[in-house]
Amino acid sequence: MNGYIDLWVNVSSDLDRIASIARLMGYRYIGLEDHGFKWKTREFNNVKFVKRITIEACSEKEIREEIRGVKVNYPIVAVKPLSIQVARFAARDGRADLVVLDKDTIEYIDKTQASMMKQFGKPLEVCINCFLKASSHEKGMIFRRIRLFHYYSVPIVYSSGASRWNELIHPKSISALLSTLVDVPKASIVYGLSSIPLEILTRNNVR
């Protein structure tokens, strides 16, 4: 593929600057958390922004309500499960494109979840800034989850989770960091920064 994709950036303004920096880093698409934007996709400085929603839910009833009709307005739908029930629901529901792994969801992302997500072809999304800000103990737990999902051949997407321009991370830095710390092949990490997110965008009719 020609370029990288960061599927999770959470800013509400200064999109031209974000796009300029992202372009220099080699990104071609940015998944942008919705802050009342009136568009689904928009291009700035040759970088296409794609509107995204991250649904946090604690119960199956809550996630069922939140996800109903969501694909009409959002090309990218991620679920941040705050219970086992929500994690399992997100693994099998076709409206959810991604299941988020961060310090808040670690305990719900287990071996059964990996097996289900492999069965349904559901990618795991690793938030890099969330990882960097986690405690040493939480980092260790995230390491183990990444290794587990890699072992189960579950697709993994690596997103910055940037909430400001200086939290964007160069894709080569992400691949170097994780291949060293988590002992996952660099090529696999690059695949999660390019081909897997592109498949998600293509499946959701983003061109």
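Bear in mind these aren't lab numbers, they're just calculated from the coordinates by the rules spelled out. Computed from a prediction, not measured in an experiment: that's the story for all the values here. Virtual Cβ from ideal backbone geometry, glycine too; neighbours counted across all protein chains shown.
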Cysteines of the chain without any disulfide-compatible partner (other Cys Cβ under 4.7 Å) are Cys58
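Give me the net charge of Tyr151's neighbourhood, meaning all other residues with Cβ under 12 Å from the Cβ of Tyr151; Lys, Arg count +1, Asp, Glu -1.
Overall, the nearby charge balance is +4.
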At most 16 other Cβ atoms within 10 Å and a DSSP loop assignment: could you name the trypsin sites (Lys or Arg not before Pro) in region 87-187 that fit?
Arg95, Arg164
Given 0.36 nm per residue, what is the gain on full extension from Ser179 to Glu66 after removing their alpha carbon distance, in nm?
37.1 nm
Step through the table entries Lys80/Lys118; Lys48/Lys139; Lys40/Lys186; Lys139/Lys172; Lys71/Lys139; Lys51/Lys186, compare each Cα-Cα distance with 26 Å, and write down the pairs that go over it.
Lys48/Lys139; Lys40/Lys186; Lys71/Lys139; Lys51/Lys186
14 Å beta-carbon shell around Leu181, net charge (K/R +1, D/E -1):
+3
Identified option (computed volume of the Cα convex hull per residue in Å³; candidates (i) 165; (ii) 107; (iii) 118)
(ii)
Local electrostatic count at Phe120 - Lys and Arg +1, Asp and Glu -1, tallied over other residues with Cβ under 13 Å:
+3
List the relative contact order of the chain as a percent without decimals, with contacts defined as Cα pairs under 8 Å and 6+ residues apart.
20
So what's the back-of-envelope 222 nm ellipticity for the chain, counting only DSSP H runs of four-plus at -39500 (n - 2.57) apiece and dividing by all residues, rounded to 500?
-12000 deg cm²/dmol
State, to one decimal in nm, how far the label point of Glu167 lies from the label point of Tyr152, with both points 7 Å from Cα in the Cβ direction.
2.7
